[in-house]
């Protein structure tokens with residue numbers, strides 16, 4: 001029997017086996033290469049076609065268009081949130097008429113394209129000009145911006161009502177019963193117990209709805225509102241410079257990604273008590 | 001290529017003229033609207049609107065397979081072990097989910113026009129080039145649809161347990177066969193509600209293609225509204241037609257969903 005006299009010195013780990021060159025790696029390199037080529041191509045078109053005069057002329061109008069888009073989206077989202085509350089309550093109501101009316105409202109606005117609704121309001125209400133003038137509402141519907149605000153508010157109210165209803169119904173029944181057992185009146189139970197829990201569920205769909213509205217608001221350019229898309233179209237029709245669309249795309253992407261990140265942070269922050 | 005399209009188109013047109021629900025032998029416009037603005041033929045707008053309905057429906061139906069296929073492969077790329085592939089797929093969805101559909105459409109429409117023009121210029125053809133609005137709409141909507149579709153399919157993929165793949169390996173199935181016979185049937189069942197929502201969104205997005213001149217429902221009713229000065233009636237009709245499309249699809253989807261769920265009935 002032999003006894004080892006000395007310890008074996010520590011050895012370096014064996015070298016990692018070489019990664020095989022797989023098919024997916026090939027496709028990955030090709031796809032990344034395509035993106036890289038596109039990025040470089042866009043960079044060189046922007047640099048090559050750079051025109052300080054164009055930039056100074058259309059830069060401010062792009063910014064004002066951005067402002068119009070943000071104002072339109074934020075005001076319609078806020079007004080829609082107010083309007084969505086009665087619609088959601090009507091949707092959950094046990095009264096046949098209210099629930100049917102709310103359902104018809106939601107079905108109409110979710111089942112038809114936003115652009116068709118906008119045309120219906122902007123061009124269609126023009127046929128009722130005498131009637132609108134007698135009730136004194138013509139000044140409102142004469143302006144394309146107001147029409148867009150009106151349509152977007154009604155549209156987003158329908159979507160938000162469904163988000164709200166889904167969220168409120170997702171709160172378990174025990175919460176209602178618990179509030180009732182504590183002797184809380186119905187409305188206090190709703191605002192202090194049910195709604196806060198529902199809002200956490202509704203947070204992510206609300207974020208998606210805002211993103212959808214930002215993207216959907218581009219169609220107001222067709223009814224002569226000069227939002228970001230409208231300014232882009234005007235600049236393109238004057239210069240026939242394809243770069244304009246690239247700038248608009250960058251601005252829209254920036255808006256949406258910024259909002260998505262803010263929303264992700266907000267969600268992480270608001271649900272930190274639910275993390276285990 | 002255009003000859004093939006023309007042949008398919010004329011064959012379809014004959015079938016459609018027989019079963020046309022608007023201006024066919026038993027169409028709504030022919031039965032109820034013969035003395036109104038919606039009469040079929042030269043006196044009314046019935047046949048134009050019916051044509052728009054057909055164009056909208058066929059654009060959505062033509063876009064669906066493209067979007068589903070591309071979306072499936074993007075979803076596969078997103079759950080690949082290869083980092084570069086995942087990164088490329090994530091860039092794709094970030095861009096096309098973040099851009100407004102209208103802007104995507106313009107970028108595709110004018111971008112294709114410029115590309116084709118430059119290509120033709122290099123081979124010596126100088127002249128006006130016009131891109132088919134239907135094709136541009138199909139590409140733009142397909143790209144947007146596939147970006148959303150990949151997210152839906154990705155979450156469906158995550159819902160399938162790993163044991164299903166291992167079972168496929170244990171049975172000695174090839175990877176493609178595992179995918180086709182084991183994973184896909186379950187994937188479709190899980191992803192169907194999400195895909196139904198995407199189909200509805202696609203149906204509504206087709207209205208945007210009217211902006212670049214495709215004679216769909218919105219364009220045809222818009223022309224009619226401008227000529228007859230009865231905008232409310234015609235845009236209201238457009239809304240009703242889109243609602244009808246939505247209703248038909250929701251009926252179809254609930255039928256498909258029932259069919260995919262028939263294995264679970266006993267439980």
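Coordinate-derived values only; no laboratory data. Since the model is a prediction, treat every value here as computed from it, not as a measurement. Reconstructed Cβ throughout: ideal geometry from the backbone, glycine too, with neighbour counts over all protein chains shown.
For the Cα atoms of chain B, what angle does the longest principal axis make with the long axis of helix B:2-19, in degrees from 0 to 90, nearest 10?
Here the helix axis deviates by roughly 70 degrees.
Once you put a point 7 Å from the Cα of residue A:3 and another 7 Å from the Cα of residue A:26, both along the Cβ direction, what distance in nm separates them?
6.1 nm
Report, in cubic angstrom per residue, the convex hull volume of the C-alpha atoms of the range A:71-225.
Details: hull volume 20.1 nm³, N = 155.
Dividing the Cα hull volume of the range A:71-225 by its residues yields 129 Å³.
Just to verify a number: FRET efficiency for residue B:15 and residue B:183, C-beta to C-beta distance, R0 = 25 Å, to 0.05?
Details: r = 36 Å, r/R0 = 1.45.
Rounded to the nearest 0.05, the efficiency is 0.10.
Based only on Cα atoms, what mean projected area does the convex hull of chain B have, in nm²? Mind showing how you got there, number by number?
On the way: hull surface 78.9 nm².
That works out to 19.7 nm².
Which length gain, in nm to one decimal place, applies between residue B:6 and residue B:114 when the Cα-Cα distance is subtracted from 0.36 nm times their residue separation? Each step should come with its number before you reach the end.
Working: separation 108, 0.36 × 108 = 38.88 nm, distance 2.58 nm.
Net length gain for the segment: 36.3 nm.
For chain A, what is the calculated [θ] at 222 nm in deg cm²/dmol (nearest 500), taking -39500 (n - 2.57) for each run of four or more DSSP H residues and dividing by its residue count? Working shown, then result.
Numbers: 12 runs with 204 residues, N = 276.
Computed ellipticity for chain A at 222 nm equals -25000 deg cm²/dmol.
Measure nothing fancy, just the Cα-based angle from helix B:184-205's long axis to the longest principal axis of chain B, in degrees from 0 to 90, nearest 10.
Orientation of helix B:184-205: about 30 degrees from the principal axis.
Under a crude label model (7 Å from the Cα following the beta-carbon direction), how far is residue A:199 from residue B:43 in nanometres?
Here the modelled spin labels are 6.2 nm apart.
After finding the eigenvalues of the alpha carbon gyration tensor for chain A, what semi-axes result from the square roots of 5 times each, listed largest first in whole Å? Intermediate results must be reported in sequence, preceding the final value.
Values: eigenvalues 446, 288, 46 Å².
Semi-axes, largest first: 47, 38, 15 Å.
Compute a Gaussian network model of chain B, connecting alpha carbons closer than 10 Å, and tell me which residue from B:177, B:246, B:207 fluctuates the most.
B:177
Please tell me the relative contact order of the range B:30-243 in percent, rounded to the nearest whole number, where contacts are Cα pairs under 8 Å and at least six residues apart.
Working: 221 pairs, mean separation 58.5, N = 214.
Once normalised by length, the contact order is 27 percent.
Using label points projected 7 Å from each Cα along Cα→Cβ, tell me how many nm separate residue B:81 and residue B:66, to one decimal.
Modelled inter-label distance: 3.5 nm.
Quick one: compute the contact order of the range A:143-276, relative version, from alpha carbon pairs under 8 angstrom and 6+ residues apart, as a percent.
Working: 75 pairs, mean separation 32.0, N = 134.
Across the range A:143-276, relative contact order equals 24 percent.
When chain B is modelled as a GNM with alpha-carbon springs shorter than 10 Å, which of B:61, B:123, B:217 fluctuates the most?
Ranking B:61, B:123, B:217 by mean-square fluctuation puts B:123 first.
With viscosity set to 0.692 mPa s at 37 °C, what whole-number translational diffusion coefficient in µm²/s follows for the range B:100-179 from Stokes-Einstein and a Kirkwood radius over Cα pairs? Don't skip to the answer; put the middle values down first.
Values: Rh = 16.2 Å.
Diffusion coefficient, whole number: 203 µm²/s.
Sorting A:29, B:155 on the 10 Å Cβ count, fewest up front, what's the list? Intermediate values should be presented prior to the final figure.
Numbers: A:29 16, B:155 13.
Fewest to most other Cβ atoms nearby, the residues stand as B:155, A:29.
Could you work out how far the C-alpha centroid of the range B:155-228 sits from that of the range B:53-116, in angstrom?
Value for the Cα centre distance between the two parts: 12 Å.
Per residue, what volume in Å³ does the convex hull of the Cα atoms of the protein assembly as shown enclose? Before the final figure, lay out each step's value.
Numbers: hull volume 164.6 nm³, N = 543.
Dividing the Cα hull volume of the protein assembly as shown by its residue count gives 303 Å³.
Tell me, in nm to one decimal, what length is gained between residue B:90 and residue B:229 on full extension, where the rule is 0.36 nm per residue of separation less the Cα-Cα distance? Walk me through the numbers before you get to the answer.
Values: separation 139, 0.36 × 139 = 50.04 nm, distance 4.75 nm.
Here the answer is 45.3 nm.
Express the relative contact order of chain A as a whole percentage, based on alpha carbon pairs under 8 Å and six or more residues apart in sequence. Each step should come with its number before you reach the end.
On the way: 206 pairs, mean separation 62.8, N = 276.
Normalised by residue count, the contact order of chain A is 23 percent.
Could you work out, residue by residue across A:21-27, how many beta carbons of other chains sit within 10 Å of that residue's beta carbon, and then give the average as an integer? Don't skip to the answer; put the middle values down first.
Working: counts 0, 4, 1, 8, 6, 3, 8.
Taking the mean over all residues of the peptide, I get 4.
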